[in-house]
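Accompanying notes for the structure given below.
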Amino acid sequence: MKGHSHTIDLSTESGKSLLSRGRLVDRQHSLPCPEAFMFYILWRVLIQIFKRLTEWASIFARGGMSSDANMVDTRCSSQETPSSGDSPSFDWFAALPTGLQLHVVYMLGSVEHASALALCSRRTYIIVNEYWKTSPQLVISRSSELQCTRGPGAALRVVELAKSKLLSPPNVAFVFYTGRCSQPDLRAALKSSSFPPGMTIIAAQSESLQVNDKAVCEHSSTFSIFLGSFPDAVCCSIPITADSQSTSSESSDPYSTIQQALVGKSNGTYDPSFWKVFVVNVCGQYGYHVAQQTVASIQQHHPEAAIIGGICSAGDVSQATDTQTPKTPRDLRTLSVKRLKEMVREAFGASATRGLIEREDLEREAARSLALARQRDGSLVHVDSGVTVLAMGGTVPLKSAVSKGAERFSNSSWCITSCEAIPAGDKRLPEELEEAPVWQKVTGLRCAGGEGRPSEGGSTTEKDAPGEELGVLDWFRRCYAEAEDNFDHRPVPQTIGVMPPLGRGYVLHDVEIHDDALWVDNREPLTGSFLNLYQLTEQACVMDLENMLRRLKSEVDEEGQELMGALMFSCAGRGPRAGSFIQSAMMDASRFQERFPCVPLTGYYAGGEIGPQALADDHGVFHAGNVSVQGFTVVFGLFIVPRQDGKAAALYRSIDDSPEKISEYFMKKRNEGATMAPEQGAD
């Protein structure tokens, strides 16, 4: 530790007395907080911070403060101390030594709380910013937080509040709004001038939103935003509409539009493994038409990616910046005729190149497209019929999880012994079946024994000893009779569960029994797989969700990780209001908050969810692959990062908090145009 070198023993009475008055100075070598007194320090700091959080929120909302270097430097250089009537005083915290401040920032683990502490002094500002500048940051803001759900400027105030909580420039925003949020107000709040260059935005409109923020779990907000700063991530937003597909020179596959945008964002290179996360919002007739194809294509090209999203009312994305597009008309001379035509078609439509024969004419129209691109750059593209996609590449701390909940009919395990693959177009397919590439025709099953629930290892608890064999109809009647004895209510066979021999749970399919056979929409052969009947119940939904959240909590703790925040896409049949089936309001969000009370969450209630296929009797947590558009599920996008263990100590050893270095730090900020720091001032 550079700078001050005076050492005080906190274990003595004089040390505790100095600590209680906030007069400790810095130590030289190690962090000055023995375990016996660390909890005392944190207790005092936490009490003061949480006592004043409401006051800080109101100050931020009024625009009276911003945790930037200019405000901190101006206040500290003039040695002003805010009075109790103006804003809460943290001068006692500013007097704590650097090591203790670092410990507090680490233990809080919240960029929002740290941004409030950064206002204490120039030294504290440097400590907080140095700690967080290389770490992912995620903050939430909502309209009900400011009690400004409607009216001019409401969305802008929510965005400004979110920006005030971040310590680093944001590079991605997840926005959710209802029909009560004014479109002009929304576009004004999210305009490019409000954010740094390269900012990527994806927004979705839905009838109902969901927000968990601190102790609040509510669905009354008309606008919410997750603002993130991910230093090692690259983001790309893509709108897919019928018009964009008609101008594509590649093919009618929606993924061609996605691939073109990813190539443009990667300086002409295309590495599918680089892109780790895709958030997909589907809306309108064209969106419904291409939803499954789009999701399947993304899955095919990015098999390890986390793919999440839902069906909403409308969507918006920021206009993507193509690094391959020339910046000036002079650059057009280096492009091929094919590329010039592509630029003109992308800007003005497929018919815009008709009659353009001479290269000079193509360059003139391409120059017009450049002017249009500059006008659109950073602006929002509204989509009311199509698909909006946010792709995130590089280091992205997001994993996906899904829950559905289904109750099994039989405690016995039944194994498929006779199965035949019937391709599309085959005359043997019953007319009642929907179109699918391959249907599996199951005609024979064998009882594998008693409790057929999969074990944690992914196999079953039964031995593969030969047992009773039944046809499909006899098996169905046997399971139904067993369910009538086990259930308090009349069982309704709603889904078929199929689990491969080494599977981790049962994949649910619609019940399709025709011609004394069970028909399953599945490409892979099912011989040797296990089978059971399931029905959806509230009890099963609650139990499946709670088990998944319990396993999530356990795995995060065991791996030394922490949950920063979560996106939620829940079926409108599961909330937000209590109904005849799910009789508790905000069932998914409220149980998430019970397990993770301080983790922010936002999202919407969808008409269909996009995520990993839900499994019955699942014993895992995270899912990747086998993504589909499904119903009556809840899909979570979980931002999970390693705990910052050791970061405070490492920073303590490297940071120089001498007055000369502090002045030099703010002088550099001033020269960069970020602050008007004076050459001298309070530290």
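The values are calculated or read from the model by the stated rules, or taken from the named source; none is laboratory data. Remember, it's a predicted structure, so these values are computed and weren't measured experimentally. When we count neighbours, we look across all protein chains shown, and the Cβ atoms used for this are built from the backbone with ideal geometry, even at glycine.
A few points about this structure:
- Sole residue being in a helix (DSSP H, G or I), of a type outside the set (G, A, S) and within 30 Å of F223 (Cβ to Cβ), chosen from L552, L567: L552
- Close pairs (6 angstrom Cβ cut-off, 6 or more residues apart or separate chains): over 13 Å from E546 (Cα atoms) in region 394-408, of a type in the set (K, R) anywhere: V396/K276
- The lone exception for F230 - which of (1) farther than 22 Å from I640 by Cα; (2) touching a residue at least 12 places away in the same chain (Cβ under 8 Å) it fails: (1)
- Among the candidates A648, A677, the residue that is modelled with pLDDT under 70 and outside any loop (DSSP other than H, G, I, E, B) is uniquely A648.
- Complete set of residues in region 624-636 that are surrounded by 24 or more Cβ atoms within 10 Å (Cβ to Cβ), closer than 19 Å to H509 by Cα and of a type outside the set (S, T, N, Q): V627, V634, V635
- Within region 280-304, residues that are part of a helix (DSSP H, G or I) have Cβ atoms under 7 Å from residues that are surrounded by fewer than 16 Cβ atoms within 10 Å (Cβ to Cβ) and of a type in the set (D, E) in these pairs: G284/D384; S297/D253, counting only partners at least 6 apart in sequence or on another chain.
- Selection count where residues are in a loop (DSSP other than H, G, I, E, B) and either among the basic types (K, R) or under 15 Å from the mean Cα position of the chain (by Cα) (or both), scope region 390-428: 6
- Residues that are at pLDDT 65 or above and surrounded by fewer than 18 Cβ atoms within 10 Å (Cβ to Cβ), drawn from region 236-254: A242, D243, S252, D253
- Test: residue in region 352-369 that is at pLDDT 80 or above, out of contact with any Leu (no Cβ under 6 Å at 6 or more places or on another chain) and within 30 Å of R550 (Cβ to Cβ): no
- Matching option when the condition is within 30 Å of P576 (Cα to Cα) and not basic (K, R), among A314, A261, A233, A242: A314
Every residue, every condition in (1) hydrophobic (A, V, I, L, M, F, W, C); (2) in contact with a Cys (Cβ under 7 Å, 6 or more places away or on another chain); (3) modelled with pLDDT of 90 or more, yes or no:
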site: V402; (1), (2), (3): yes, no, yes
site: T417; (1), (2), (3): no, no, yes
site: T443; (1), (2), (3): no, no, yes
site: T460; (1), (2), (3): no, no, no
site: A465; (1), (2), (3): yes, no, no
site: G471; (1), (2), (3): no, no, yes
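- Any chance F639 is crowded, with 20+ Cβ neighbours inside 10 Å, out of contact with any helix residue (DSSP H, G or I) (no Cβ under 8 Å at 6 or more places or on another chain) and among the hydrophobic types (A, V, I, L, M, F, W, C): yes
- Of the criteria (1) over 24 Å from F176 (Cα atoms); (2) modelled with pLDDT under 90; (3) not charged (D, E, K, R), which one V556 fails: (2)
- Selection within region 573-617 - charged (D, E, K, R) and surrounded by fewer than 23 Cβ atoms within 10 Å (Cβ to Cβ): R577, R591, E594, R595, D617
- Selection status of F487, among the aromatic types (F, W, Y), surrounded by fewer than 15 Cβ atoms within 10 Å (Cβ to Cβ), modelled with pLDDT under 90 and farther than 30 Å from Q293 by Cβ: yes
- In region 264-296, of all residues being among the aliphatic types (A, V, I, L, M) and under 21 Å from the mean Cα position of the chain (by Cα), the one that is farthest from G608 (Cα to Cα) corresponds to V277.
- Within region 494-539, restricting attention to residues that are farther than 30 Å from F622 by Cβ and assigned to a loop (DSSP other than H, G, I, E, B), the residue that is modelled with the highest pLDDT is E512.
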